[in-house]
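Chemist: Dumping the structure here so I can ask a few things about it.
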Amino acid sequence: MSSLSVDLHKLSKFVNLALPVLVIGFLLAGKYVHFYFHFLTVAFLFLTIANVFYLFVQDQHPLLRNFGIVAQGRYLVESIGPELRQYLYSSDTEERPFNRIERSEIYRKAKNIDSASSFGSQKNFDTSEIKLRHSMYPSSHDDLIPYSLTFGEERGLKTAYTITKPMMISAMSYGALGQHAVRALARGAKLAGIAMNTGEGGYPKYHLMEGCDLIFQIGTAKFGVRNDEGYLDDEKLRELAGKDEIKMIEIKFSQGAKPGKGGLLPKEKITREISELRGVEMGKDVVSPPHHKECTDKTTTVAFIKHVQEVSGLPVGIKFCVGSPQQVDDLVQEMVDQDVFPDYISVDGSEGGTGAAPKSFMDRVGMPLFPALSSVNRILCKKGVRNRLKLLAAGKLINPGRQILAFAMGADAVYSARGFMLSLGCIQAMQCGNNTCPIGITTQDPALQRGLDIGTRSVRVKNYVNNTMHDLEELLAASGERSLDDLSIDNLFIPEDSTLAPLVHDKYIDSKH
Amino acid sequence: MKILSWILRIVAAAILAQTLFFKFTGHPDSVAIFTAIGMEPGGRILIGVLELIAAVLLLFPGTVAFGAILSMGVMTGAIVGHFTDIGFADGLLSLFVLALVVWICSAAVLVIHRRQIPIIRQMFAKSKY
């Protein structure tokens, strides 16, 4: 070791010895020099006591037991590590789930400022990046066909629901989000003219306040429409479906953040109001069951979809994260056999992230969006039933660049949740499950929600939608197609090394209809 | 436990608060004590302010542990003072006993609210990881 260095082992030994010696020194100084020294006596006495506690009493932390109070410095500095990394040390491209470049694109769109970038992309142009193929002869804007998608038209429903923008706010419940965030999103959705999914949070009291179009989600616990045994209460569903704002019903089978597992609402976030809207107890984590009680196999699942369609009278979609394409294939076959189709299928990629989930589920379960979406689209095309329903996609589709890939892989419209959270001002503090969101989005704490102004935030939501739609149109025009519907996998450049490469040669998926 | 905590906090805060009157009005007894330890008059006011803060912190649920630590600190100083400079003569013994009572109450409060102690909180907290 060089002559000038810090040996933390020796430093800690020195401090452990110095503390009691200092106490005695200050005690004597207080006695013989001036009584004011006793302020130091007391302070160092307390530090000594804490140190003794670390070294000899507690047995939870080996580091503190070996080195005492100096080791506390490690925990102190480590505790602000996430902030320091985000503020200073992480590069623009290395953060997860969204790096700084991706986040700032959303912020710029939400603030309605130019999001052009200069001097080249910071993406890796390696062998796995999928790109959109532009045409030598781009479409002119006048040639583009205005977007329109009608859910329920296949069944000839009178309540069929038409959207005119291909982007919707994905399922986030009141409970997961605070009321300010829910209302800002709902008002923004109304301003932008898009639909919003209520999430599985029970009666959508705050979602309903702003008068935007809603998709009511039925989770596995059926919050808001459950009876005491946890089965569907037809009467409650009928009543909710009768509301003007509620345009569609979505049955959630699984979710990208935690496929194969029910939702989890940490007890810290359960206020009295939430317990009433959902019909659950306070003071306990609420764990939704992993599957709907009615649905134990493909037969009962399809029957349940039919039942919800009949009771609600609205377009009914289903949402799942794909585990095995074979199971999806079997389910679709069952739909064919029973001649019952949901009005849409929403494929959630395993990269989905809103919602508290065990880390192993967040990280390791379910198929990522693009291969999952392509598989589902291919299955539907193969069975010749692609025209019986609509296909939605979700999973990090926060920017137009990624969304257009989903459209080319078969999606008719896309959902985003975190994109909209970012548009509200989310700084990716990663505390959604702790009720401590510093921006006030995923918290029930009024003090933290205070800063989230519904009025200004809703305008940002609108800006985000409009600017994203604008970029999406530009991309579409560049591709030389006239509508999102015309896009296919042939519009994509998929490198040979990509897991999606085999799809390019699979001619089952050359057309959506 | 909650009731016990409140009783201890109120006892400690009440004793702390009642001495403030003597300190802030410059009662001769109080002046005599602080003269004995050479802190008159600034130290008398300073200690009074610290005691006031301690009493207030003890009563607010969010700051109990901080109040208890501060109050223990000031009382430790007082106890040391009795042994080194002030002594126990005449009415001084009762003041010493009061200081001891506040110290013990604060210590008990600190034990009850040990999860709030900033520096060793993590030893008692329910671990998240």
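Chemist: Relative contact order, percent, of the stretch B:2-124 when contacts are C-alpha pairs under 8 Å separated by at least 6 residues?
Modeler: Values: 133 pairs, mean separation 35.8, N = 123.
Computed value for the stretch B:2-124: 29 percent relative contact order.
Chemist: Are there any helices in chain A, counted as whole DSSP H runs, that stretch 15 Å or more along their axis by Cα and score at least 0.5 on average by Kyte-Doolittle, and if so which? Intermediate values should be presented prior to the final figure.
Modeler: Details: long enough: A:8-32 (35 Å, 1.20); A:37-52 (22 Å, 1.94); A:100-111 (16 Å, -1.63); A:179-192 (19 Å, 0.06); A:298-312 (21 Å, 0.05); A:325-338 (20 Å, -0.81); A:369-382 (19 Å, 0.86); A:454-479 (37 Å, -0.30).
TM-like helix candidates: A:8-32, A:37-52, A:369-382.
Chemist: So how tilted is helix B:42-59 from the main axis of chain B? Cα-based, degrees 0 to 90, rounded to 10.
Modeler: 30
Chemist: Using the Cα centre of the protein assembly as shown as origin and beta-carbon charges of +1 (Lys, Arg) and -1 (Asp, Glu), tell me which of A:G451, A:N51, A:S135 is placed farthest towards the positive end of the dipole.
Modeler: Positive-most Cα among the choices belongs to A:N51.
Chemist: So for A:R96, A:R418, what's the accessible-area order with a 1.4 Å probe, most first? It would help to have the intermediate numbers written out before the result.
Modeler: On the way: A:R96 170, A:R418 45 Å².
Solvent-accessible surface, decreasing: A:R96, A:R418.
Chemist: May I ask which residue of B:F24, B:G73, B:G48 lies farthest towards the positive end of the charge dipole of the stretch B:2-124, with charges of +1 (Lys, Arg) and -1 (Asp, Glu) on Cβ and the Cα centre as origin?
Modeler: Checked the options; the winner is B:G73.
Chemist: Accessible area per residue for chain A in Å², computed with a 1.4 Å probe and the full protein assembly in place, what is it?
Modeler: Working: 23890 Å² over 513 residues.
Per residue, chain A has 47 Å² of solvent-accessible surface.
Chemist: Could you sort A:L28, B:L59 by accessible area so the largest value comes first, with the probe set to 1.4 Å? Provide the component values of the computation, followed by the final result.
Modeler: Numbers: A:L28 95, B:L59 70 Å².
Output order, biggest surface exposure first: A:L28, B:L59.
Chemist: Also, I was wondering about something else. Leaving out ligands, DNA and RNA but keeping every protein chain, what accessible area does A:C295 have, in Å² rounded to the nearest 10, with a 1.4 Å probe?
Modeler: 10
Chemist: Put A:H307, A:H292 in order of accessible area, largest first, 1.4 Å probe: what do you get?
Modeler: Numbers: A:H307 65, A:H292 0 Å².
Largest accessible area first, the residues go A:H307, A:H292.
Chemist: Positive end of the charge dipole of the stretch A:153-472 (Lys, Arg +1 and Asp, Glu -1 on Cβ, about the Cα centre): tell me which of A:M248, A:T468, A:V287 has its Cα farthest that way.
Modeler: The residue sitting most towards the positive pole is A:T468.
Chemist: With all protein chains present, calculate the accessible area of A:D445 using a 1.4 Å probe and round the result to the nearest 10 Å².
Modeler: Near enough 60 Å² of accessible area.
Chemist: Return the carbon/sulfur percentage of the accessible area of chain A, one whole number, probe 1.4 Å, all protein chains in place. Display every interim value, and only then the final one.
Modeler: Numbers: 13150 of 23890 Å².
Carbon with sulfur: 55 percent of the solvent-accessible area.
Chemist: Would you mind giving the three semi-axes, in whole Å and largest first, of the ellipsoid equivalent to the protein assembly as shown according to its Cα gyration tensor? Before the final figure, lay out the partial values.
Modeler: On the way: eigenvalues 793, 159, 97 Å².
Working from the Cα gyration tensor, I get semi-axes of 63, 28, 22 Å.
Chemist: Here's something else I'd like to know. Once R0 is set to 30 Å, what does the formula 1/(1 + (r/R0)^6) return for the Cβ-Cβ distance between A:I101 and A:R450, expressed as a FRET efficiency to the nearest 0.05? Working shown, then result.
Modeler: Numbers: r = 30 Å, r/R0 = 1.01.
Working from the Cβ atoms, E equals 0.50.
Chemist: Sticking with this structure for a sec: Grab the DSSP H runs of chain B that are 4 residues or longer, score each as -39,500 (n - 2.57), total them, divide by all residues and round the 222 nm result to the nearest 500 deg cm²/dmol.
Modeler: Details: 6 runs with 94 residues, N = 129.
Mean residue ellipticity, 222 nm, calculated: -24000 deg cm²/dmol.
Chemist: Continuing with this model, one more query. What number, rounded to the nearest 500 deg cm²/dmol, is the helix-based mean residue ellipticity at 222 nm of chain A, given -39500 (n - 2.57) per DSSP H run of at least four residues and division by all its residues?
Modeler: Values: 19 runs with 203 residues, N = 513.
Dividing the helical sum by the residues of chain A leaves -12000 deg cm²/dmol.
Chemist: For A:S346, which sequence-distant residues (separation of 5 or more, or a different chain) have an amide H within less than 5 Å of its own amide H, given hydrogens modelled in the peptide plane?
Modeler: Hits under the 5 Å cutoff: A:I318, A:K319, A:F320, A:L392.
Chemist: With an 8 Å Cα cut-off and a minimum separation of 6 or more residues, compute the relative contact order for chain A in percent. Before the final figure, lay out the partial values.
Modeler: Working: 981 pairs, mean separation 94.5, N = 513.
So the answer I get is 18 percent.
Chemist: Stretch A:T296-A:R482 to full length: gain in nm at 0.36 nm per residue minus the Cα-Cα span? Each step should come with its number before you reach the end.
Modeler: On the way: separation 186, 0.36 × 186 = 66.96 nm, distance 4.29 nm.
Extra length available between A:T296 and A:R482 comes to 62.7 nm.
Chemist: Leaving ligands, DNA and RNA out of it, work out the accessible area of A:Y206 with a 1.4 Å probe and give it in Å² to the nearest 10.
Modeler: Estimated to the nearest 10 Å², A:Y206 gives 20 Å².
The values are calculated or read from the model by the stated rules, or taken from the named source; none is laboratory data. On a predicted model such as this, the values are computed, not experimentally measured, just so you know. All Cβ positions, glycine included, derive from the backbone under ideal geometry; neighbour counts span all protein chains shown. Quick note on the areas: whole protein, heavy atoms, side chains included, nothing else; ligands and nucleic acids left out. Shrake-Rupley method; radii C 1.70, N 1.55, O 1.52, S 1.80 Å.
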